[in-house]
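Participant: Dropping a structure here in structure tokens format, bear with me for questions.
The values are calculated or read from the model by the stated rules, or taken from the named source; none is laboratory data. Predicted model, so just to flag it, every value in this text is computed and none were measured. Cβ atoms come from the backbone with ideal geometry, glycine included; neighbour counts cover every protein chain shown. Ligands, DNA and RNA are excluded from the accessible area calculation, which covers all protein heavy atoms including side chains. Shrake-Rupley method; radii C 1.70, N 1.55, O 1.52, S 1.80 Å.
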Amino acid sequence: MWIGWWLWPLVALCTGDQFRDEAERIMRGTPVIDGHNDLPWQLLTMFNNQLQQEKANLTSLAQTHTNIPKLKAGFVGGQFWSAYTPCDTQNKDAVRRILEQIDVIHRMCQMYPETFVCVTTSTGIRQAFREGRVASLVGVEGGHSIDSSLGVLRALYHLGMRYLTLTHSCNTPWADNWLVDTGKDKAQSKGLSDFGQSVVKEMNRLGVIIDLAHTSVATMKAALRLSKAPVVFSHSSAYSLCRHQRNVPDDVLQLVNQTGSLVMVNFYNKYVSCQEEATLSQVADHLDHIKKVAGAGAVGFGGDFDGVSRVPSGLEDVSKYPDLVAELLRRQWTEVEVRGALADNLLRVFEAVEQVSDHTQTPEEEPIPLDKLEDSCRTKYGYSEAPSFHHRPGALLASLTTILLGLSLL
């Protein structure tokens, strides 16, 4: 049947509504689990974490990508809230700062129990789905937050941390960040140092998801090869489509496929289009590319809302997820693939991490060598200044020889 040219816009509009309606139907059963949202950082910078201020009310919060009505409109059913402290806190007050950001996430759940429920397990996420609440998880952004301490890593786990981003935009004494690949930072660990490998092993033992967003390619590959559990990129996109070093190159995507890992696509314009402006369609291109190279099971959403200054047209805030899902359906993604990207892929990874964890296993204990730490603001308790097991055997023998010679001259 011939349709007049003037009817085509109407046909397209009706088809678009069909995909949007289908997206909402799917999301009612499988709401989105987003890998990274920086609302807690906004609560710090805007209100110094004073949630009882009138303007901090999350039901009416303005000037942010995220508030409760927007989350509901976007069918957000799970959120890794970012507990973040900047790199300039490294070797200073990073641990105190990260504790305060974890605290504000817990207080969000306490103040709005009808909307948020803090959970620490994949089972908890599924229960929150059934209750119609947002499963709220803690993701610690930046390995500098543990201050090179396995004890702090374990303590943060007990406070609810369920992923740790190994670096932010700075090296830690045990892992290299993405700026190494730009030449702005020098490689210190060539991926992961020996202590960095201990961090990864301890995360596996505990059941903490390893997050490789912000890491160098060498760190990505080292962690993917070492980890016994799948890993995530909580907010990164595809390097082949936007050649920014924060994105994931194809050879790493192949490792993602081989390890059953997950890339949760970032919406920041500079990581989507490598320009100041971007579109929802370009975000879908990244999802398509990761699906093509790493498989449909490797795709997720990690919008980075409230952590970036510019987001794509059509994805202005967290309410817009259904429009992105509609675009995937328009591109002939199957319902199973869409449900995977929304939540099932992350749940699979999380369950695998939980299965690998073993709290009966002996914890990693060996501390990072003292000479790897900046000492301007730290004490040295536990690190002996006398000859000890911290020294090489040859150095210890030389020290003892000197002492004995001195005694013989008395």
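Participant: What fraction of the DSSP beta bridges in the chain is antiparallel, stated in percent and rounded to the nearest 5?
Facilitator: Values: 4 of 35 bridges.
Bridges in the chain that DSSP calls antiparallel: roughly 10 percent.
Participant: Here is a follow-up. Applying 1/(1 + (r/R0)^6) with R0 = 25 Å to the Cβ-Cβ distance of residue 362 and residue 96, what FRET efficiency is obtained, to the nearest 0.05?
Facilitator: Working: r = 29 Å, r/R0 = 1.17.
For R0 = 25 Å, the calculated efficiency reads 0.30.
Participant: So with the 1.4 Å probe, I'd like the accessible area per residue for region 18-360, rounded to whole Å².
Facilitator: On the way: 12520 Å² over 343 residues.
Per-residue value: 37 Å².
Participant: Quick one: pull the percent of accessible area on region 18-360 belonging to carbon and sulfur, 1.4 Å probe, ligands and nucleic acids left out. Please report the intermediate quantities before stating the final value.
Facilitator: Details: 5760 of 12520 Å².
Of all accessible area on region 18-360, carbon and sulfur atoms account for 46 percent.
Participant: Can I ask one more? Quote the FRET efficiency, to the nearest 0.05, computed for residue 381 versus residue 184 with a Förster distance R0 of 35 Å and r equal to the Cβ-Cβ distance.
Facilitator: The formula returns an efficiency of 0.50 here.
Participant: Using only the Cα atoms of region 183-246, build the gyration tensor, take square roots of its eigenvalues as a ≥ b ≥ c, and label the shape rounded, prolate or oblate: rounded if a/c is under 1.5, else prolate if a/b is larger than b/c, else oblate.
Facilitator: Oblate, since a/c reaches 1.5 and b/c is not below a/b.
Participant: So how do 289-298, 136-145 stack up, highest first, on mean other-Cβ count within 10 Å? Please list the in-between numbers first.
Facilitator: Working: 289-298: 21.2, 136-145: 27.1.
Top to bottom by mean Cβ count within 10 Å: 136-145, 289-298.
Participant: Now a separate question. With respect to the cross-link table entries 70/320; 270/292; 72/292, which display a Cα-Cα separation exceeding 19 Å?
Facilitator: 270/292; 72/292
Participant: Provide the FRET efficiency to the nearest 0.05 for the residue 114-residue 25 pair, computing r from the beta carbons and using R0 = 25 Å. Before the final figure, lay out each step's value.
Facilitator: Details: r = 24 Å, r/R0 = 0.97.
The formula returns an efficiency of 0.55 here.
Participant: For region 18-360, just say rounded, prolate or oblate: build the C-alpha gyration tensor, square-root its eigenvalues into a ≥ b ≥ c, call rounded for a/c under 1.5, and beyond that prolate if a/b exceeds b/c, oblate if not.
Facilitator: Values: a/c = 1.37, a/b = 1.13, b/c = 1.22.
Note, shape of region 18-360 comes out rounded.
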